[in-house]
1. Give the residue, chosen from ALA86, ALA107, ALA114, that is in contact with a helix residue (DSSP H, G or I) (Cβ under 6 Å, 6 or more places away or on another chain), within 25 Å of ASN50 (Cα to Cα) and aliphatic (A, V, I, L, M).
2. If you scan segment 116-138, which residues turn out to be at pLDDT below 95 and out of contact with any Leu (no Cβ under 8 Å at 6 or more places or on another chain)?
3. Every residue in segment 1-38 that is under 30 Å from THR87 (Cα atoms) and among the aliphatic types (A, V, I, L, M), please.
4. Can you tell me which residue is farthest from THR57 (Cα to Cα) among those in segment 70-113 that are touching a Lys or Arg at 6+ places or on another chain (Cβ under 9 Å) and among the aliphatic types (A, V, I, L, M)?
5. Name the residue that is surrounded by the most Cβ atoms within 10 Å (Cβ to Cβ), counting only residues in segment 63-74 that are touching a residue at least 24 places away in the same chain (Cβ under 8 Å) and of a type in the set (A, V, I, L, M).
6. Here is a list of conditions, (1) touching a residue at least 40 places away in the same chain (Cβ under 8 Å); (2) crowded, with 16+ Cβ neighbours inside 10 Å; (3) among the small types (Gly, Ala, Ser), and SER127 meets all of them except one; can you say which number that is?
7. Filtering segment 41-59 down to residues that are closer than 15 Å to LEU113 by Cα and not hydrophobic (A, V, I, L, M, F, W, C), which residue is surrounded by the most Cβ atoms within 10 Å (Cβ to Cβ)?
Amino acid sequence: MTALTRVSFTIEETLYEEMEGLLASSKYKNRSEFIRDLVRERLVRDSWKNNEEAIGTITMVYEHERRELSGKLLHLQHDHHHSILATTHVHLSHTLCAEMLMVRGRAQAIESLANELGRQKGVLHVSVSVSTTGIRLK
């Protein structure tokens, strides 16, 4: 088990009450785990901002019948095969599809791929969900 360190800190009463409200509305059993997750979330955001190696999911919704779009999307994915770990394709309707790409690489490269996919005519929406390889979170 990882060694634990006890800390204390000073916080404005109104901010403390807000924190307690967040804690009460969450499923956390104690403040310590709540605070640990806040710190982890900041570490993930900072690693993304600092262009460190990251993992993420690119989700896109597109019109699958748009002329040559499927081929263009597939070609882009092959161009970035070193970053794409897995894909999932879902049929949303007769004309719309969703595709999720699990990716790993430098944060800016993941963002660049998402932007490139989103620029294709017929792609209606692209979003990136970012995470970390977990190395700094242990």
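1. Details: ALA86 fails: in contact with a helix residue (DSSP H, G or I) (Cβ under 6 Å, 6 or more places away or on another chain); ALA114 fails: in contact with a helix residue (DSSP H, G or I) (Cβ under 6 Å, 6 or more places away or on another chain).
Within the list ALA86, ALA107, ALA114, the selection yields ALA107.
2. Our first condition is that a residue be at pLDDT below 95; within segment 116-138, this holds for 129-138.
Answer for segment 116-138, where residues must be at pLDDT below 95 and out of contact with any Leu (no Cβ under 8 Å at 6 or more places or on another chain): SER129, VAL130, SER131, THR133, GLY134, ILE135, LYS138.
3. Going residue by residue through segment 1-38, those that are under 30 Å from THR87 (Cα atoms) are 37-38.
Correct list: LEU38 only.
4. Checked segment 70-113; the qualifying residue farthest from THR57 (Cα to Cα) is ALA107.
5. LEU73
6. Failing condition for SER127: (2).
7. Initially, segment 41-59 is screened for residues closer than 15 Å to LEU113 by Cα, giving 48, 51, 53-59.
If we keep only those that are not hydrophobic (A, V, I, L, M, F, W, C) as well, we get 51, 53, 56-57, 59.
Values: ASN51: 13, GLU53: 14, GLY56: 22, THR57: 18, THR59: 17.
Per the stated criteria, the residue is GLY56.
Residues are listed down the side, and each one gets a yes or a no for (1) surrounded by 14 or more Cβ atoms within 10 Å (Cβ to Cβ); (2) of a type in the set (Asp, Glu); (3) under 13 Å from the mean Cα position of the chain (by Cα):
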site: VAL61; (1), (2), (3): yes, no, no
site: LEU76; (1), (2), (3): yes, no, no
site: HIS81; (1), (2), (3): no, no, no
site: HIS89; (1), (2), (3): no, no, no
site: GLU99; (1), (2), (3): yes, yes, no
site: GLY118; (1), (2), (3): yes, no, no
site: VAL123; (1), (2), (3): yes, no, no
site: THR133; (1), (2), (3): no, no, yes
site: ARG136; (1), (2), (3): no, no, no
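The values are calculated or read from the model by the stated rules, or taken from the named source; none is laboratory data. Keep in mind that this is a model prediction, so the values were computed, not measured. Using ideal geometry, Cβ is built from the backbone for each residue, glycine included, and neighbour counts are taken over all protein chains shown.
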